[in-house]
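Worksheet: the structure to be examined is printed underneath.
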Amino acid sequence: MEPGRVPSGDTGSASTVLVTAANGRTGRAVVSALARAGAVVCALVRREDQREALLALGAQGCVIGDLADRVSLDRAMRGCAKVVHIGPPLHPDEVAMTANVLAAAQAAGVGHVIYYSVMHPQRRALRHHRLKLEAEERVIESGTPYTILEPIRYMQHLEPIWTEVVGDGIHAMPFDVDARFSLVDLTDLAGATAKVTLCDDHLYATYELAGPESLSSREMAAILAEELDRPVEARAIPIDALERSAKGRGLPADRIEQMLAMNRHYDRHGFLGNARVLTGLLGRQPNDFRSYVRRLKAAAHAGQRGTA
Ligand SMILES: NC(=O)c1ccc[n+]([C@@H]2O[C@H](COP(=O)([O-])OP(=O)(O)OC[C@H]3O[C@@H](n4cnc5c(N)ncnc54)[C@H](OP(=O)(O)O)[C@@H]3O)[C@@H](O)[C@H]2O)c1
């Protein structure tokens, strides 16, 4: 058996899709969507104990590796046809990690790299957007056929505060209550990612992916109030309180700094995009915030977590 490869099924065949950062929120959704679409998925994870969860989501195999470790990527990509490259959020090494993926993909003869970027990488005032822009440039110039996906902020940021929304009637977000967002449902993004991965019609495309509405936190709170049949107040978490809470959770200083810069930027500029591309990819209107809230409510009633 190859070192690092977990003996768990049909990995490394001519049709295998490798998904990086597979154990994260996005990675899990993408693995699951690809598996539902019939792909043979190999999940790149960092630790052995993450394997079971990925297999349960439909991955046919797992490989242990690290985006900073080129050797582990060479091993992971052997025999893979496609790679969906997702990186860790707000990471200072986004460009180096993407360069590792591209070099390993080229060495392994991978035929299609799908790079999971962010909407508006050209907002260069934000370091993680700027780094995604630079990484996109590397992808385009790599010589390997590619598709670049640029998703906007997820609706799923509601999930960690769901208990407070339901229990206390507080919808607290780290930005101004009137800043506007075209939030997108990660389930839709994962479905679109699976589509572009499994169909060569999307080679050399760059797609902005946004949800169908322009909503402020105040308007989200109003929808929550209607759906939960209780008053819900929108509150802006002050930046210093956010900083204290992030430090308390042990987040690295660099990540906290980037997070705070991002939230200040949202206060000034919001985060708006257009849903037409996502509509075209899905063949239907993307999910709106209300339908997401209903799904989250149903999952909470059923005692499920992390499923909406
Ligand atoms: N959240 C949003 O609204 C949003 C919007 C647009 C774009 N995005 C982009 O989506 C991507 C994923 O975000 P997310 O929220 O899904 O992240 P996440 O849940 O924090 O997951 C990140 C994953 O990256 C893995 N990871 C960290 N360092 C790694 C390394 N050196 N090598 C391999 N894997 C590594 C982590 O592994 P462990 O599980 O072992 O810790 C984790 O599974 C990011 O690039 C982000 O910019 C997010």
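Every number here is computed from the coordinates shown, using simple stated rules; none is lab data. Source: prediction; values computed, not measured. Glycine gets a Cβ as well: all are built from the backbone with ideal geometry, and neighbour counts include every protein chain shown.
Remarks
- Coordinate range along principal axes, alpha carbons of the chain, Å, largest first: 57, 41, 40
- Kirkwood radius, the range 212-308, all distinct C-alpha pairs, inverse of mean reciprocal distance: 16.2 Å.
- Listed peptides 174-183, 153-162 by packing density, highest first (mean Cβ within 10 Å): 174-183, 153-162
- Computed over the chain with a Gaussian network model linking Cα atoms closer than 10 Å, the most mobile of Pro231, Pro252, Pro89 is Pro252.
- Estimated inter-spin distance, His269 and Asp168, nm [label 7 Å along Cα→Cβ]: 3.1
- Cβ-placed point charges (K, R +1; D, E -1), dipole of the chain about Cα centre in debye, nearest 20: 200
- The length gained by stretching the chain between Asp66 and Ala107 to full extension, at 0.36 nm per residue less their Cα-Cα distance, is 13.1 nm.
- In the chain, lysine pairs closer than 28 Å at Cα, eight or more apart or cross-chain: 5
- Gain on full stretching of the segment that runs from Glu137 to Arg295 - 0.36 nm per residue minus C-alpha separation: 53.2 nm
- Over 20 Å [Cα-Cα, the range 123-281], rounded percent: 59
- Full extension of the segment from Asp93 to Arg124, taken as 0.36 nm per residue of separation minus the current Cα-Cα distance, would add 9.6 nm.
- Springs between Cα atoms under 10 Å define the GNM used for the chain, and in it the highest mean-square fluctuation of Thr98, Thr163, Thr187 occurs at Thr163.
- Mean separation of Cα contacts under 8 Å (6+ apart) over length of the chain, as relative contact order %: 16
- Charge tally for Val84 (other residues, Cβ to Cβ under 13 Å; Lys, Arg +1; Asp, Glu -1): +3.
- Packing-based order for 36-45, 292-301, using average beta carbon neighbours within 10 Å, highest first: 36-45, 292-301
- Separation in nanometres of the label points that stand 7 Å from Cα toward Cβ, at Glu48 and Arg25: 3.0
- Proximal charge balance of Leu251 [Cβ under 14 Å; K/R count +1, D/E count -1]: +1
- Between the range 178-236 and the range 113-161, the Cα center-to-center distance that results, in Å: 16
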